[in-house]
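The values are calculated or read from the model by the stated rules, or taken from the named source; none is laboratory data. Here the structure is a predicted model, which means the values were calculated and not measured. With ideal geometry, Cβ positions are generated from the backbone for all residues, glycine too; neighbour counts draw on all protein chains shown.
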Amino acid sequence: MSTPNGVNGFIYYGNSAEATKKTVRTVRTGLIIGAVITAIVGVLMLAFPQDSALLAAIIFGVFVLIRGIVRVIVGIGGPGLTGLGRTLSIITGVILLAAGVVILLNITVGVEVLAIIIGISWIIDGIATLIESSRAAARAFSIVTGIISVLAGVAMFFLGSQGVALIMIVIGVVALALAVVQVVGAIAVGRARS
């Protein structure tokens, strides 16, 4: 029977050192890729805060779409996830995919609607991250990421009427903060591996 193992906010099941190494490698790679994508989104949002909602919708739509794809792939083939972890990852991924498609198909949607869609996607992703962290031994990384995501999502509901520039700045700052947290998580997972 498999026993649960925790690596800095992630829980998985496995009996062998090889399974543990594979899980750690997968988690670390995912965190680094996520951090790079998130940082790029953050920099673009901060570099072009005065541009139209069109740029915001395209950039964020693609970002949410990629997050959804990654969540579905992890849910289907992620090594060592529990049944609940797989299900939660797939459901979150499908919701994020749907949000990304809605954003990309309705690029001319108003700023307020865009802020609400962004807010909902961040809240869902943050809650999923918090739930996934609940069984891990060392879960500070996942908790910080989940809290940032939920708080940023809630803030988006109040920023819709403030205009594109402010929304872009908030998205950029949050994206860069999440990228830093992901890099810290990747470093921590790498240390746990050694």
Ile33 meets each of (1) modelled with pLDDT of 85 or more; (2) under 14 Å from the mean Cα position of the chain (by Cα) with one exception, condition (1)
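Could you pull out the residue among Gly110, Gly85, Gly100 that is closer than 19 Å to Ile58 by Cα and at pLDDT below 80?
The match here is Gly110.
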Out of (1) more than 11 Å from the chain's Cα centre (by Cα); (2) surrounded by 17 or more Cβ atoms within 10 Å (Cβ to Cβ); (3) modelled with pLDDT under 80; (4) not β-branched (Val, Ile, Thr), the one Ala39 does not meet is (3)
If we keep only residues of the stretch 137-151 that are closer than 16 Å to Arg28 by Cα and in contact with a Ser or Thr (Cβ under 7 Å, 6 or more places away or on another chain), then the residue modelled with the highest pLDDT is Thr145
From the option list Ile66, Ile58, single residue qualifying as within 28 Å of Val173 (Cα to Cα), in a helix (DSSP H, G or I), modelled with pLDDT under 80 and of a type outside the set (D, E, K, R) is Ile58
